[in-house]
Amino acid sequence: QVQLVESGGGLVQAGDSLRLSCAASERTFSSYTVGWFRQSPGKEREFVAAISRSGNIINYEDSVKGRFTISRDNVKNMAFLQMNSLKPEDTAVYYCAVRTLLGLSVSRSGYNYWGQGTQVTVSS
């Protein structure tokens, strides 16, 4: 059982930056793909970004390309989502998830363990 805890959310203005963190409870974290998803009220949880075990393969949802950067620190069992040039439409609860199977996935069903989420609110 992998426990994930997100942090770093908050209320910011459009154009500002935030860095989300995801802390994992297990050393096997380095063996898993990590994904970030987000969910706005009334909407489905959607894929944001994913990073492979070694960090050499990364995938982003189109609307965040060039603004968000996913990274990981396998020594510290942590993952990060640097979010720059934030827009009001980025407002959502952001979730960290891990995938125990090989390869990346953009599907919610491809991930086995989830954190509790952290709220990001971007005002215009």
From the option list LEU20, LEU11, single residue qualifying as hydrophobic (A, V, I, L, M, F, W, C) and either in a loop (DSSP other than H, G, I, E, B) or open to solvent by 50 Å² or more (accessible area, probe 1.4 Å) (or both) is LEU11
Can you tell me how many residues in segment 56-81 are surrounded by 16 or more Cβ atoms within 10 Å (Cβ to Cβ) and in a strand (DSSP E or B)? 10
Residues that are exposed (fewer than 13 other Cβ atoms within 10 Å of the Cβ) and modelled with pLDDT of 95 or more, drawn from segment 33-55: LYS43, GLU44
Every residue from segment 88-103 that is within 19 Å of GLY55 (Cα to Cα) and either part of a strand (DSSP E or B) or open to solvent by less than 20 Å² (accessible area, probe 1.4 Å) (or both): TYR95, CYS96, ALA97, VAL98, ARG99
Which residue out of SER85, SER30 is open to solvent by 30 Å² or more (accessible area, probe 1.4 Å) and either within 21 Å of ASP16 (Cβ to Cβ) or in a loop (DSSP other than H, G, I, E, B) (or both)? SER85
Subset of segment 104-124 (residues that are part of a loop (DSSP other than H, G, I, E, B), open to solvent by less than 40 Å² (accessible area, probe 1.4 Å) and within 15 Å of ALA49 (Cβ to Cβ)): SER105, TYR111, GLY115
Segment 59-74 residues that are closer than 17 Å to GLY15 by Cβ, paired with ones that are open to solvent by 40 Å² or more (accessible area, probe 1.4 Å) and part of a loop (DSSP other than H, G, I, E, B) (beta carbon under 6 Å, 6 or more apart): ARG67/ASN84; ARG67/SER85
Scope segment 23-43; condition more than 14 Å from the chain's Cα centre (by Cα) and touching a residue at least 60 places away in the same chain (Cβ under 8 Å); matching residues: PHE29, SER31
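The values are calculated or read from the model by the stated rules, or taken from the named source; none is laboratory data. Predicted, not measured: the structure shown is a model, and the values here were computed from it. Cβ sites come from the backbone with ideal geometry, for glycine too, and all protein chains shown count toward neighbours. For the accessible areas, the whole protein counts, side chains as well, though only heavy atoms, and no ligand, DNA or RNA atoms are used. Shrake-Rupley method; radii C 1.70, N 1.55, O 1.52, S 1.80 Å.
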